[in-house]
Amino acid sequence: MLVLEEKLTWISSHNNVSVDVFMNVRVHQLDSDTVVIILPGVDGSVDGYQDKYIRMAEKIVMNQQKAVVRVSNDFITSFHWEDNFRQAIDYVNNNSQKLFNKDRVNIEVISHSAGASVAAWLAWEYPNITQLVLINTAAKLQPERILGGLGKYKNKAQLVYGSEDPSIDFIQELPSTFEVHTVQNADLYFSGDHLETFINLGDLLNQ
């Protein structure tokens, strides 16, 4: 399987303070009109613990015949939670012909923790984001904005929480229009025996 390695760089500015930023990108290339972006939690690596994002991506490519873009989610500053998500979406949209042999692609997003919160904030702004799988969405990261963003998002979304995740009670606040799944005894990171369960959450895109 061909995996393209790239490193995106840009400058983020706020209140006249500029920060040099980078994001690691791995592209599992395939001629496909659907691209899955995997966005980790804050400071999450492009490969993930025990290569969990690599394994998730490979399974999606093989079983669903969708291209996959994995990105890191390095913390910039508290003013720039949105940057990595927007850069990932722009990268896919601006390079769809080169990478996937399509003028336009649909995007599906799998994201975790703080990454899931940001995806919930912003997905409604991008009409070609057709599906979300949000895992242990961090409720403390602007909960009003999470609910507001999901309220504006009109396509398919599935939210997954481990029963031991600190944000599990946020389920009660989520819109009833979206599917919510609970994984018993799983913590924030889906540690231990739940690692395989985490990797298999990519299967939700096919349901």
- Could you say which residue among GLU58, GLU82 is of a type outside the set (A, V, I, L, M, F, W, C), modelled with pLDDT under 95 and either under 20 Å from VAL133 (Cβ atoms) or buried (at least 20 other Cβ atoms within 10 Å of the Cβ) (or both)? GLU82
- Looking at ILE76, ILE60, which is the one that is in contact with a strand residue (DSSP E or B) (Cβ under 7 Å, 6 or more places away or on another chain), part of a loop (DSSP other than H, G, I, E, B) and in contact (Cβ under 8 Å) with a residue 12 or more places away in the chain? ILE76
- Item | VAL46 being part of a strand (DSSP E or B) and either at pLDDT 95 or above or out of contact with any helix residue (DSSP H, G or I) (no Cβ under 6 Å at 6 or more places or on another chain) (or both) | no
- Give the residue, chosen from LEU141, LEU132, that is touching a Lys or Arg at 6+ places or on another chain (Cβ under 8 Å), buried (at least 19 other Cβ atoms within 10 Å of the Cβ) and under 19 Å from VAL42 (Cα atoms). LEU132
- Condition met for ILE89 (under 20 Å from VAL160 (Cβ atoms) and either under 14 Å from the mean Cα position of the chain (by Cα) or part of a helix (DSSP H, G or I) (or both)): no
- Item | In the range 163-207, the residues that are small (Gly, Ala, Ser), in a helix (DSSP H, G or I) and farther than 11 Å from ILE135 by Cα | GLY192
- Query: Restricting to the range 115-138, what's the tally of residues that are farther than 14 Å from ARG86 by Cα and of a type in the set (Gly, Ala, Ser)?
  - Reply: 1
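The values are calculated or read from the model by the stated rules, or taken from the named source; none is laboratory data. Everything numeric here is computed off the predicted structure, so don't read it as measured data. Quick reminder, even Gly has a Cβ in these numbers, built from the backbone with ideal geometry, and neighbours come from all protein chains shown.
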